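Engineer: I have a structure here, written as structure tokens, and I will follow up with some questions on it.
The values are calculated or read from the model by the stated rules, or taken from the named source; none is laboratory data. Since we're looking at a predicted model, the values are computed, not measured. Cβ coordinates were reconstructed from backbone atoms using ideal geometry, including for glycine residues, and neighbour counts include every protein chain displayed. Heads up: the accessible areas ignore ligands, DNA and RNA and are worked out on the full protein's heavy atoms, side chains in. Shrake-Rupley method; radii C 1.70, N 1.55, O 1.52, S 1.80 Å.
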Amino acid sequence: MAIEINKEISQGKVEQRIVYESGNEMAAYAAHQINYHIMGYFPISPSTEVAQFLDLMKANGQHDIKLIPADGEHGSAGVCYGASTAGGRVFNATSANGYLYMLEQMPVQSGTRFPMVMNLVCRSVSGPLDIHGDHSDLYYALNTGWPILMCRDPQAVYDMNIMALKLAEDPEVRLPVLVASDGYFTSHQKRRVQTFAKREDVHAFIGEKPPTGFADTLDREHPITVGPYMNEPDYINNCYQQSVAMYNAERVYDRIREEYAELTGRDYPILDLYRMEDAEVAVFLMNSASEIIKDVVDQLRSQGIKAGSIAPNMIRPFPQKAIAEALKNVKALTVGDRADSYGGHGGNMVNEIKAALFTHGNRDTMVISRIYGLGGKDFYAEDGHNMFKFAIEALDKGKVEVPFDYYGHTPGDPAKAPKRVLNPMKYEDLKTGLITVTPDEASGKLNVRIPPLRSLTKKPKRIAPGHGACPGCGIFSGLELFFKGIEGDIVALFHTGCAMVVTTGYPYSAHKATYIHNLFQNGAATLSGVVEMFWERKKRGELDELNLKDDFTFVMITGDGGMDIGMGPAIGAALRNHKMIILEYDNEGYMNTGAQLSYSTPMGHRTSTSNVGSKQGGKVFHHKDTAQIMAATHIPYVFTGSEAFPQDLVRKAAKAQWYAQNEGMVYGKILIACPLNWLSEDEQGSNIVGAAVDSCFFPLYEIEHGVTNITYNPEDKNKKVPLSDWLKTMGKTKHMVKPEYEESYKMFEAEVERRWNMLKAKHESPYL
């Protein structure tokens, strides 16, 4: 259809410019114009890009926001809460399970009345895992005490982010505010957007500085206690005041959006009503789908059907009275919820709309509930027609025959049930007897005999080659080499990450042994439960009928930053000393979400959240040594390995199995290449990780019962190479050897040398 440009371009009092960007880019753009003090964040799709865009702008000196990469979403929420108590402006962005992980912090933030703004880029909540857009995370936010603003397109994302801060800081509200947009539909689709041309105009609207008079933990003249223990009378009073503030937010938002409309020409009334003036049938939808339904309304109107649509721009506080007023003459309404409230006979929105109608005396409007669009299922005009069809049929029949149902699902067909593609591996092929491990009573260590590696090539691969990993990915060559040293059956648990995502695209799986997946942070605890259940059922004689040939070896695979968010449960499992192996593949970042920095990213290395620019030269702090951290828990065996030294890795795998079956926890760390995000050649992975070993960045060693043994010393072999030689092999680190980043390089080089010398000292002394 033709576009009337004068109607498309808003006319306001303030100077504006036009950009063509996505929702995530506009959230970041608004944040950089506001120039928040602090952003705590943790990467999760599809909200990850918000931090990425801000970091790129930071590297080029476009804003002053301090970006703090947390160890997980719970940590990022804590960073934001602490920062907000200290008097500045605070920002965050998250999605799905990340939001649920920080959920515990949300009522604390609102209950203690500290303002901030957080973008929830809405996505399906596990399980099972799905990373596409719906509102199942958003509905968990409804009871947290945060006002919630809704964004149908990238323009709304930009505008709502600016209005959200003004709302949060208003003295009558003083609450943290959530800005919700649809993952991938809005977050990644580019649209034309108008923005303030000048930052000073943004500040003139929101206020140059946060308002005075709020509690501030940095005010020494007025010390405060934040989050005290409260008894019953005081707690209910606090909740009442918070409730009053929440309801104030509706009136305050209405005032703010009028001010914003006068400045920009763009108006966001609490309810977006489309052709509702005389509507007899209507559809209620939120965010991106609410724009599509308007075309359907026009088409039905052309057929003589009095149709209309409703979309809220705010759902907390819920605009109950406005909803009831809008529906007073509507005879039948279909409410589409993009998430279910399981067991509630409809999603949250339909039940709140029913309550609004009942409260305001409307017993006549027929309401139909449909759950739609889960897991990112697209919503088209034909779906909109079907939504109206439910209402039209109810109008014709004078009743609602199916008040609640799912829309867009398909019945299962038994004939199409997934069939086994690969047969289970034979125990005889896995238990070769070629590897022997025997304890040495004198030294307390293990003696391992492995055959020539070529004789192990007949052992079946535990992961089938039919997976979707990138060319040159080092995960599977590294894992399969490790598994060559494991005899017999395994049960494997995979943290969320590349290795998990590319091997388990339903209805197929590349895993030929039993496989479990649980949340990014909780794999070690989950596998602990599996391990202890195995031994308990074995003790009770309940496994006899399963015809087990031998005890399982339990292995947890983690990587892609899993030992940041998962460090706590891993340490807990180590302290309990469960009989299991945790194997970390270290690819130096959150590669499964687009190469953000993790705590294993070395200093100076470039990622999408440690960009290189005139004001920043990659990651600004040193990497975490997870092997040494786990060794400090005094588990029986810790090791590092590399596919560039295959015999060393296979030998350590055999030791790991013995310790995991006889004594307790084992932790192993292997460095693997990620050509896509290391910006290296696909075929050079083994050479690059080999150079990392020879430069002493990634030394090969083992720790048995607290005694350190370096298993390969490049200095003794006269093979040590300069650290710069290794860095030159990857595009992500080539900048580090340039003169302008010399200071960062020297700091990194000094730290690598310090850790190597400490390791050599431990090798020399059994007491270090």
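Engineer: Using the structure shown, decide if SER724 is of a type in the set (Gly, Ala, Ser), part of a helix (DSSP H, G or I) and within 33 Å of the chain's Cα centre (by Cα). Walk me through it before giving the result.
Structural biologist: Working: of a type in the set (Gly, Ala, Ser): yes; part of a helix (DSSP H, G or I): yes; within 33 Å of the chain's Cα centre (by Cα): no.
So SER724 does not fit the description; no.
Engineer: Name the residue, out of ASN577, ASN592, that is surrounded by fewer than 20 Cβ atoms within 10 Å (Cβ to Cβ), more than 30 Å from PRO739 (Cβ to Cβ) and touching a Ser or Thr at 6+ places or on another chain (Cβ under 9 Å). So that I can check it myself, show each step before the final result.
Structural biologist: Details: ASN592 fails: surrounded by fewer than 20 Cβ atoms within 10 Å (Cβ to Cβ).
ASN577 is the lone residue from the list that is surrounded by fewer than 20 Cβ atoms within 10 Å (Cβ to Cβ), more than 30 Å from PRO739 (Cβ to Cβ) and touching a Ser or Thr at 6+ places or on another chain (Cβ under 9 Å).
Engineer: Could you run through the stretch 185-235 and say how many residues are open to solvent by less than 100 Å² (accessible area, probe 1.4 Å) and either of a type in the set (Asp, Glu) or over 30 Å from GLY375 (Cα atoms) (or both)?
Structural biologist: Residues that pass the stated criteria total 29.
Engineer: While we're looking at this one, here's another question. Between a first residue in the stretch 704-732 that is of a type in the set (A, V, I, L, M, F, W, C) and a second residue that is at pLDDT below 95 and exposed (fewer than 14 other Cβ atoms within 10 Å of the Cβ), which pairs have beta carbons less than 7 Å apart while being 6 or more apart in sequence or on different chains?
Structural biologist: What qualifies is VAL707/PRO766.
Engineer: While we're here: Could you please tell me which pairs satisfy a Cβ distance under 8 Å, a separation of 6+ or placement on different chains, a first residue in the stretch 753-768 that is free of Cβ contacts under 8 Å to residues at least 24 places away in the same chain, and a second residue that is among the hydrophobic types (A, V, I, L, M, F, W, C) and open to solvent by 60 Å² or more (accessible area, probe 1.4 Å)?
Structural biologist: Matching pairs, first to second residue: ALA761/LEU768.
Engineer: For the stretch 483-520, which positions are of a type in the set (Ser, Thr, Tyr), surrounded by fewer than 22 Cβ atoms within 10 Å (Cβ to Cβ) and under 20 Å from the mean Cα position of the chain (by Cα)?
Structural biologist: THR504, the sole residue that qualifies.
Engineer: Which one is surrounded by the most Cβ atoms within 10 Å (Cβ to Cβ) among residues in the stretch 388-416 that are acidic (Asp, Glu) and under 30 Å from LEU129 (Cα atoms)?
Structural biologist: If we filter the stretch 388-416 for residues that are acidic (Asp, Glu), which is where we start, we get 393, 396, 401, 405, 413.
This time we only want the ones that are under 30 Å from LEU129 (Cα atoms), so: 405, 413.
Working: ASP405: 13, ASP413: 7.
Only one residue tops the list, namely ASP405.
Engineer: Where the second residue is among the β-branched types (Val, Ile, Thr) and the first is over 26 Å from GLY398 (Cα atoms) and lies in the stretch 278-301, which pairs have Cβ atoms under 6 Å and are six or more apart or on separate chains?
Structural biologist: These pairs meet every condition: SER288/THR186.
Engineer: Which residue out of SER76, SER126, SER95 is in contact (Cβ under 8 Å) with a residue 12 or more places away in the chain, open to solvent by 10 Å² or more (accessible area, probe 1.4 Å) and within 13 Å of the chain's Cα centre (by Cα)?
Structural biologist: Working: SER76 fails: open to solvent by 10 Å² or more (accessible area, probe 1.4 Å); SER95 fails: open to solvent by 10 Å² or more (accessible area, probe 1.4 Å).
None of the other options fit; the residue is SER126.
Engineer: Ok, one more. Taking the conditions exactly as written (part of a loop (DSSP other than H, G, I, E, B) and either under 20 Å from THR633 (Cα atoms) or of a type in the set (S, T, N, Q) (or both)), does THR526 satisfy them or not? Don't jump to the end; show me each part of the working.
Structural biologist: Numbers: part of a loop (DSSP other than H, G, I, E, B): no; either under 20 Å from THR633 (Cα atoms) or of a type in the set (S, T, N, Q) (or both): yes.
The answer is no for THR526.
Engineer: Considering only residues of the stretch 408-438 that are of a type in the set (Gly, Ala, Ser) and in a loop (DSSP other than H, G, I, E, B), which is modelled with the highest pLDDT?
Structural biologist: GLY408
Engineer: Of the residues LEU434, LEU422, only one is touching a residue at least 12 places away in the same chain (Cβ under 8 Å), open to solvent by 50 Å² or more (accessible area, probe 1.4 Å), touching a helix residue (DSSP H, G or I) at 6+ places or on another chain (Cβ under 8 Å) and within 30 Å of ALA656 (Cβ to Cβ); which? Before you say what the answer is, go through the steps one by one.
Structural biologist: Working: LEU422 fails: touching a helix residue (DSSP H, G or I) at 6+ places or on another chain (Cβ under 8 Å).
Just a single option satisfies the conditions, and that option is LEU434.
Engineer: Among the numbered conditions (1) open to solvent by 40 Å² or more (accessible area, probe 1.4 Å); (2) in contact with a strand residue (DSSP E or B) (Cβ under 9 Å, 6 or more places away or on another chain); (3) closer than 29 Å to ALA156 by Cα, tell me where HIS385 comes up short.
Structural biologist: (2)
Engineer: Please verify whether the stretch 600-608 includes one or more residues that are open to solvent by 40 Å² or more (accessible area, probe 1.4 Å), under 30 Å from GLY61 (Cα atoms) and modelled with pLDDT under 95. Break it down into steps so the answer makes sense when it comes.
Structural biologist: Of the stretch 600-608, the ones open to solvent by 40 Å² or more (accessible area, probe 1.4 Å) are 606.
Of the ones still in play, those that are also under 30 Å from GLY61 (Cα atoms) are 606.
Then keep just the ones that are modelled with pLDDT under 95; that gives none.
No; the residues of the stretch 600-608 include none that is open to solvent by 40 Å² or more (accessible area, probe 1.4 Å), under 30 Å from GLY61 (Cα atoms) and modelled with pLDDT under 95.
Engineer: A further question follows. Scanning for something surrounded by fewer than 24 Cβ atoms within 10 Å (Cβ to Cβ) and under 22 Å from the mean Cα position of the chain (by Cα), does the stretch 37-51 turn up at least one residue?
Structural biologist: Looking for residues that are surrounded by fewer than 24 Cβ atoms within 10 Å (Cβ to Cβ) and under 22 Å from the mean Cα position of the chain (by Cα), one finds at least one in the stretch 37-51, hence yes.
Engineer: Conditions first: (1) surrounded by 24 or more Cβ atoms within 10 Å (Cβ to Cβ); (2) in contact with a His (Cβ under 7 Å, 6 or more places away or on another chain); (3) among the hydrophobic types (A, V, I, L, M, F, W, C). LEU597 passes all but one, so which condition is the exception?
Structural biologist: Answer for LEU597: the failing condition is (2).
Engineer: Right, another one. Could you grab me the full set of residues in the stretch 184-234 that are within 30 Å of the chain's Cα centre (by Cα), farther than 18 Å from PHE114 by Cα and assigned to a loop (DSSP other than H, G, I, E, B)?
Structural biologist: Of everything in the stretch 184-234, those that are within 30 Å of the chain's Cα centre (by Cα), farther than 18 Å from PHE114 by Cα and assigned to a loop (DSSP other than H, G, I, E, B) turn out to be TYR184, PHE185, THR186, SER187, HIS188, GLN189, LYS190.
Engineer: Test of understanding: among GLU480, GLU441, which residue is more than 25 Å from VAL530 (Cβ to Cβ), of a type outside the set (Phe, Trp, Tyr) and either open to solvent by 10 Å² or more (accessible area, probe 1.4 Å) or part of a loop (DSSP other than H, G, I, E, B) (or both)? Don't jump to the end; show me each part of the working.
Structural biologist: Details: GLU480 fails: more than 25 Å from VAL530 (Cβ to Cβ).
Of the residues listed, the single one that is more than 25 Å from VAL530 (Cβ to Cβ), of a type outside the set (Phe, Trp, Tyr) and either open to solvent by 10 Å² or more (accessible area, probe 1.4 Å) or part of a loop (DSSP other than H, G, I, E, B) (or both) is GLU441.
Engineer: Could you please tell me which pairs satisfy a Cβ distance under 8 Å, a separation of 6+ or placement on different chains, a first residue in the stretch 510-535 that is under 28 Å from VAL421 (Cβ atoms), and a second residue that is of a type in the set (Phe, Trp, Tyr) and not in a helix (DSSP H, G or I)?
Structural biologist: As it stands, the answer is TYR515/PHE494; ILE516/PHE494; HIS517/PHE494; GLY523/PHE494; LEU527/PHE554; VAL530/PHE554; PHE534/PHE552; PHE534/PHE554, since those pairs meet every condition given.
Engineer: Right, next: Could you tell me whether the stretch 456-466 includes any residue that is modelled with pLDDT of 90 or more, part of a loop (DSSP other than H, G, I, E, B), small (Gly, Ala, Ser) and surrounded by 12 or more Cβ atoms within 10 Å (Cβ to Cβ)?
Structural biologist: no
Engineer: Restricting attention to the stretch 569-617, report how many residues are more than 23 Å from PHE698 (Cβ to Cβ) and touching a strand residue (DSSP E or B) at 6+ places or on another chain (Cβ under 6 Å).
Structural biologist: Residues in the stretch 569-617 being more than 23 Å from PHE698 (Cβ to Cβ) and touching a strand residue (DSSP E or B) at 6+ places or on another chain (Cβ under 6 Å): 1 in total.
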